[in-house]
1. Determine, yes or no, whether Glu143 is surrounded by fewer than 18 Cβ atoms within 10 Å (Cβ to Cβ) and among the charged types (D, E, K, R).
2. Within the range 306-327, can one find any residue that is in contact with an Asp or Glu (Cβ under 8 Å, 6 or more places away or on another chain), part of a loop (DSSP other than H, G, I, E, B) and either exposed (fewer than 14 other Cβ atoms within 10 Å of the Cβ) or modelled with pLDDT under 85 (or both)?
3. Out of (1) buried (at least 19 other Cβ atoms within 10 Å of the Cβ); (2) in contact with a Phe, Trp or Tyr (Cβ under 7 Å, 6 or more places away or on another chain), the odd one out for Asp129 is which?
4. Within the range 435-454, which residues are in contact with a strand residue (DSSP E or B) (Cβ under 8 Å, 6 or more places away or on another chain), assigned to a loop (DSSP other than H, G, I, E, B) and either within 23 Å of Gln277 (Cα to Cα) or among the aliphatic types (A, V, I, L, M) (or both)?
5. So is Thr427 farther than 26 Å from Ile131 by Cα, surrounded by fewer than 23 Cβ atoms within 10 Å (Cβ to Cβ) and under 16 Å from the mean Cα position of the chain (by Cα) or not?
6. Hey, can you tell me all the residues within the range 92-105 that are farther than 15 Å from Ile28 by Cα and exposed (fewer than 15 other Cβ atoms within 10 Å of the Cβ)?
7. From Val405, Val384, which residue is assigned to a helix (DSSP H, G or I), crowded, with 17+ Cβ neighbours inside 10 Å and touching a residue at least 24 places away in the same chain (Cβ under 8 Å)?
8. Go through the range 235-251 and give me each residue that's surrounded by 24 or more Cβ atoms within 10 Å (Cβ to Cβ) and not hydrophobic (A, V, I, L, M, F, W, C).
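The values are calculated or read from the model by the stated rules, or taken from the named source; none is laboratory data. Since the model is a prediction, treat every value here as computed from it, not as a measurement. Quick reminder, even Gly has a Cβ in these numbers, built from the backbone with ideal geometry, and neighbours come from all protein chains shown.
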Amino acid sequence: MRNLFALLSLLTLVSLSYGEKRKTIYLIRNGETSLNTDSIHRVGGRINVPLNDLGISHCKAAGDFLSNQNIGKIYHSSLPRAKQSAEYIAKQHKTQVEMVEESLIVDISFGIYEGKTYQEAFGNEKGGDLILNPEKLIIPEGETFYSVMDRLRLFFVKFWESDEEVCTIVSHGSVINILSLMFLQAPLEKFWSMHMSPCGVSKVQMNSIYAFNIEYWNANTFLKGGEKKPCNNRVCQILKIEKPVIQGPMFWLTDAKLVAAVSEAGGLGVLGPHAGQNSLPKDDVERAERMRAEIRKVKELTSKPFGINIFHSGENPDVQLQLMLKVVYEEKVPVAVVAHDGPDIVDDIITELKAHGVTVVYRHLNMTPDLARKSEKAGVDILVATGMDEGGTLPGHNIGTFSIVPLIVDSVKIPVMAAGGITDRRTFNAAFALGAEGVFCGTLFLSATEARTS
């Protein structure tokens with residue numbers, strides 16, 4: 001059941017429409033505690049755990065990061081670790097900052113699970129439904145995720161109707177995950193998609209109590225002397241990248257320079273079938289060796305993950321495929337973007353790649369829920385849902401990106417990326433709001449100075 005007061009507040013609020021009114025929110029997760037570092041995972045919630053030394057140091061760094069910003073009041077939850085974090089952050093600011101304890105942003109109550117190990121609470125040391133099926137999680141004597149959403153919405157009602165233009169929120173991991181769902185209007189199944197590290201900072205533009213724009217998320221380069229931590233959504237974790245973005249291979253239009261630049265910037269650069277070439281190869285052997293040379297150029301330019309496109313086509317697709325796969329294995333390419341448009345999935349290719357330790361991003365150009373489920377069963381790591389908005393390799397259907405994405409997302413449990421028409425922050429946020437956990441885009445990168453088109 002939803003909180004009745006929250007529902008009535010939302011229904012009777014007058015200022016819901018877009019207009020000139022805009023507000024800014026700085027969102028900060030509390031500093032590191034033993035809950036973040038212990039080798040055995042425990043359920044936190046509202047138990048009292050103090051910051052550790054690194055957590056204190058990070059809070060000071062976050063305060064320095066925001067010291068020149070007008071951060072307004074600092075709202076912190078009533079839990080000591082949030083209050084302590086807010087105090088260290090406020091001390092670094094150049095002007096006096098008012099601190100306000102706010103019960104609406106306190107961490108979720110995990111009821112009888114609090115303080116227990118994941119094994120004790122969920123029967124699984126990896127977290128069971130908390131990690132795999134958060135939408136199904138039932139917390140005895142605790143809160144529901146929806147009741148947390150209701151109280152957070154009440155906080156935004158208060159802030160929207162106040163005279164304040166800027167506020168800073170210091171809260172907790174679970175609360176911030178729920179806030180990310182609210183900002184992106186994403187389903188609860190995506191609870192872990194926009195995780196934020198302890199003392200990570202995010203900036204959000206508030207246009208109404210229902211409409212938000214994320215300007216940046218989980219800024220943390222100021223931690224540990226500027227060490228950049230990876231983005232913590234599933235696409236980033238699987239690909240070992242910092243930003244959930246894959247650069248499309250685009251056949252002739254990519255080369256080692258562009259691919260390395262994308263990977264260095266935190267995304268995943270991908271070499272296309274004719275990357276770096278200006279002429280057709282004389283045969284499949286030469287095609288494979290040209291790709292080997294381009295892969296080695298990428299390795300000279302970056303040590304970060306990158307991928308190549310495996311496209312099952314041409315006059316001798318099986319011969320060409322085996323030669324290309326041989327190069328992938330010998331050169332130890334970490335990621336293969338497998339593109340296909342046949343009537344079924346290429347499960348033999350997927351199985352072979354996985355057996356060699358290659359991460360598989362599968363992009364069937366005419367993806368359906370049935371094909372998505374078959375791909376997941378075959379062992380694919382990430383799926384790409386491609387809409388007719390695509391600029392290059394067009395699908396055979398007439399379904400737009402923002403229609404195909406939720407259709408595929410609802411069919412599988414593995415991460416889904418959106419492809420087609422992703423060109424700016426608005427389309428990026430729209431893809432995430434529909435359940436995507438990353439974006440796959442090509443045309444946008446043709447404007448980069450590192451692109452062959454420049």
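1. On the way: surrounded by fewer than 18 Cβ atoms within 10 Å (Cβ to Cβ): no; among the charged types (D, E, K, R): yes.
It is false that Glu143 is surrounded by fewer than 18 Cβ atoms within 10 Å (Cβ to Cβ) and among the charged types (D, E, K, R).
2. yes
3. (1)
4. Scanning the range 435-454 gives Ala436, Gly442.
5. Details: farther than 26 Å from Ile131 by Cα: yes; surrounded by fewer than 23 Cβ atoms within 10 Å (Cβ to Cβ): yes; under 16 Å from the mean Cα position of the chain (by Cα): yes.
Criteria met by Thr427.
6. Passing the criteria: Lys94, Thr95, Gln96, Glu98, Ser103.
7. Numbers: Val384 fails: assigned to a helix (DSSP H, G or I).
Within the list Val405, Val384, the selection yields Val405.
8. Across the range 235-251, the qualifying residues are Pro244, Gln247, Gly248, Pro249.
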